[in-house]
Number of protein chains: 2
Amino acid sequence: MDELDSAIVRELQADGRQSNRALAAKLGIAPSTCLERTRLLQRRGIIQGYRAEVSFKALNRSVQAMVFTQVRPLRRDVVTAFEQSVTQLPEVVSVYTMAGSDDFLVHVTAQDIDHLHAFLLDQFTNRREIIAFRTSIIYQHLTNPVLGPLPPAE
Amino acid sequence: MDELDSAIVRELQADGRQSNRALAAKLGIAPSTCLERTRLLQRRGIIQGYRAEVSFKALNRSVQAMVFTQVRPLRRDVVTAFEQSVTQLPEVVSVYTMAGSDDFLVHVTAQDIDHLHAFLLDQFTNRREIIAFRTSIIYQHLTNPVLGPLPPAE
DNA sequence: CCCGAACACCGAATTTGATTCGGTGCGACT
DNA sequence: AGTCGCACCGAATCAAATTCGGTGTTCGGG
């Protein structure tokens, strides 16, 4: 993981579909070298994959919310089952499993407030393991475009 | 946005780098048609871009946390400045701007607990606009692999 | 200091994919 | 029935990915 690898990772985070030749040109190395590096990054698991980023609005998801959820009992099987089933609901973007007073943060999307409400009544109110949840609307979600490696400890 | 477009979006979310030919073959259409569709999806802003997904551990980020942050005064300029500057810190993955008692959720990463602590002392304790923050460790972050379009209202 | 192996890199040759574009069939509207 | 528009297709062309043999450099013996 030298400076060149970092640069490759940075570039591919910004644009995961730029051609290997273009990337090589930016970095001032030969395409074959660049390809070898990139493949190694993937084989080593540093680059885990490539994803298309999709507009929520285009997917008919104008409302986003975070659902702070408490589940009991906090047994492994209950926690795992909750994570798995909730993650696969179409309205759910991601699930954070947390320490602290809320066990999970569930990032959800819906067409509008009414659908959000209906979703929560259908999927959260009913579940026996959920003992409480609070919902907060997300106004905006910004993402850091470039996650570089943090410097190693000194 | 017909069924075919949805399938393209779904496939490219799963693997944003598969070749146009492979994608066309999966969908049973000609590569030229598939290319036209895909480009249209991008021109319409439905596909916003392609990103490499990178392992946190490989980037020397083993600890993740969510920082629930309250900022005052809640004026536009203060909010915007906070979002912008915090999003660009290398430890910050993303920032949710929220309704409710916490104004922001800041998803952060660090090498270890000590670095997390140092980061918070350096970047959060000092800021005049931050009046309070709580930090919770994230055990796990699961993401829904396939976000399809939600059905339109009836 | 010299030799040889290991390694990273390079560039030409080949294979594969992207892109273009003229043609075709189908559905809608007249 | 005619014609327009549209989506799709497939062959031809262009560009990129991939392979692979060769080269320079580093590093550890000898």
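I'd like the Kirkwood hydrodynamic radius of the protein assembly as shown, using the inverse of the mean 1/r over distinct C-alpha pairs, in Å.
Result for the protein assembly as shown, one decimal place: 21.1 Å.
What number does the range B:1-75 give for Rg over Rh if you use C-alpha atoms and the Kirkwood radius?
Expressed as Rg/Rh, it is 1.22.
How many nm separate the modelled label positions at A:Arg134 and B:Ile137, each set 7 Å beyond the Cα in the direction of the Cβ?
Label at A:Arg134, label at B:Ile137, 2.3 nm between them.
Taking all protein chains as present, what is the carbon and sulfur share of the accessible area of chain B, in % to the nearest whole number, probe 1.4 Å?
Ligands and nucleic acids excluded, carbon and sulfur reach 52 percent.
Give me the 1.4 Å probe accessible area per residue for the protein assembly as shown, excluding ligands and nucleic acids, in Å².
Accessible surface, normalised per residue, equals 51 Å².
Along the charge dipole of the protein assembly as shown, which of A:Pro149, B:Leu40, A:Tyr139 sits closest to the positive end, that is, farthest toward it, with unit charges on the beta carbon of Lys, Arg, Asp and Glu (+1, +1, -1, -1)?
The Cα lying farthest towards the positive end belongs to B:Leu40.
Can you list residues whose amide H is under 5 Å from B:Glu53's amide H, if they're 5+ apart or on another chain and H is modeled 1.01 Å from N?
Those qualifying (amide H under 5 Å, at least 5 residues apart or on another chain) are A:Gln48, A:Gly49, A:Tyr50, A:Arg51.
Using DSSP H assignments, which helices in chain A have an axial alpha-carbon span of 20 Å or above and a mean Kyte-Doolittle hydropathy of 1.0 or higher?
Membrane-span-like by this rule: not one helix.
Would you mind getting the Kirkwood hydrodynamic radius of the range A:3-43 from its Cα pairs, rounded to one decimal in Å?
In the range A:3-43 this quantity evaluates to 9.8 Å.
Whole Å is fine, so just give me how far the alpha carbon centre of the range B:39-94 lies from that of the range A:107-153.
Measuring centre to centre over Cα atoms gives 15 Å.
Would you tally the net charge around A:Ala110, using a Cβ to Cβ cut-off of less than 12 Å, leaving A:Ala110 out, and scoring K and R as +1, D and E as -1?
-3
Could you work out the mean count of beta carbons from other protein chains within 10 Å of each residue's beta carbon in B:43-51?
6
Take every residue in peptide A:83-94, count the Cβ atoms of other chains within 10 Å of its Cβ, and give the average of those counts.
So the per-residue partner count for this stretch is 3.
Take the Cβ-Cβ distance between B:Asp15 and A:Thr80 as r, set R0 to 30 Å, and report the resulting FRET efficiency rounded to the nearest 0.05.
Calculated value: 0.70.
Suppose only helical runs count, i.e. DSSP H with n ≥ 4. What mean residue ellipticity at 222 nm does that imply for chain A under -39500 (n - 2.57) per run, divided by all residues and rounded to the nearest 500 deg cm²/dmol?
-11000 deg cm²/dmol
Per Stokes-Einstein, at 20 °C and 1.002 mPa s, what whole-number D in µm² s⁻¹ belongs to the range B:83-154, with the Kirkwood radius over Cα pairs as the hydrodynamic radius?
The calculation lands on 147 µm²/s.
Peptide A:55-67: average number of partner chain Cβ atoms within 10 Å per residue?
4
On a full-extension model of 0.36 nm per residue, what is the gain between A:Gln70 and A:Lys26, subtracting their alpha-carbon distance, rounded to one decimal in nm?
Roughly 11.0 nm would be gained on extension.
Using only protein heavy atoms and a 1.4 Å probe, how much accessible area in total is buried between B and A, to the nearest 100 Å²?
5900 Å²
Restricting things to Cα coordinates, could you compute the convex hull volume per residue of chain A in Å³?
Considering the Cα atoms of chain A, their hull volume per residue is 161 Å³.
Looking at chain A as a GNM with Cα springs under 10 Å, which of A:Glu83, A:Glu129, A:Glu36 has the largest mean-square fluctuation?
A:Glu36
Can you tell me the FRET efficiency between A:Lys57 and A:Thr87 if r is taken as the Cβ-Cβ distance and R0 is 22 Å, rounded to the nearest 0.05?
So the FRET efficiency works out to roughly 0.50.
Cut-off 10 angstrom, C-alpha nodes, Gaussian network model of chain B. Which of B:Glu53, B:Glu11, B:Glu91 fluctuates the most?
B:Glu53
Rounded to the nearest 20 Debye, what is the dipole magnitude of the range B:63-138 about its Cα centre when Lys and Arg each give +1 and Asp and Glu each give -1 at the C-beta?
Dipole size: approximately 300 debye.
Can you run phi through the Karplus equation (6.51, -1.76, 1.60; θ = phi - 60°) for the range B:92-105 and list ³J(HN,Hα) in whole Hz, with x for Gly and Pro?
Values, residue by residue: 8, 8, 7, 10, 9, 9, 10, 7, x, 6, 9, 7, 9, 10 Hz.
Applying 1/(1 + (r/R0)^6) with R0 = 41 Å to the Cβ-Cβ distance of B:Leu121 and A:Leu35, what FRET efficiency is obtained, to the nearest 0.05?
E(calc), rounded to 0.05, equals 0.45.
The values are calculated or read from the model by the stated rules, or taken from the named source; none is laboratory data. Note that the coordinates shown come from a computational prediction; the quantities given were computed from them, not determined experimentally. With ideal geometry, Cβ positions are generated from the backbone for all residues, glycine too; neighbour counts draw on all protein chains shown. SASA here: full protein model, heavy atoms, side chains in, ligands and nucleic acids out. Shrake-Rupley method; radii C 1.70, N 1.55, O 1.52, S 1.80 Å.
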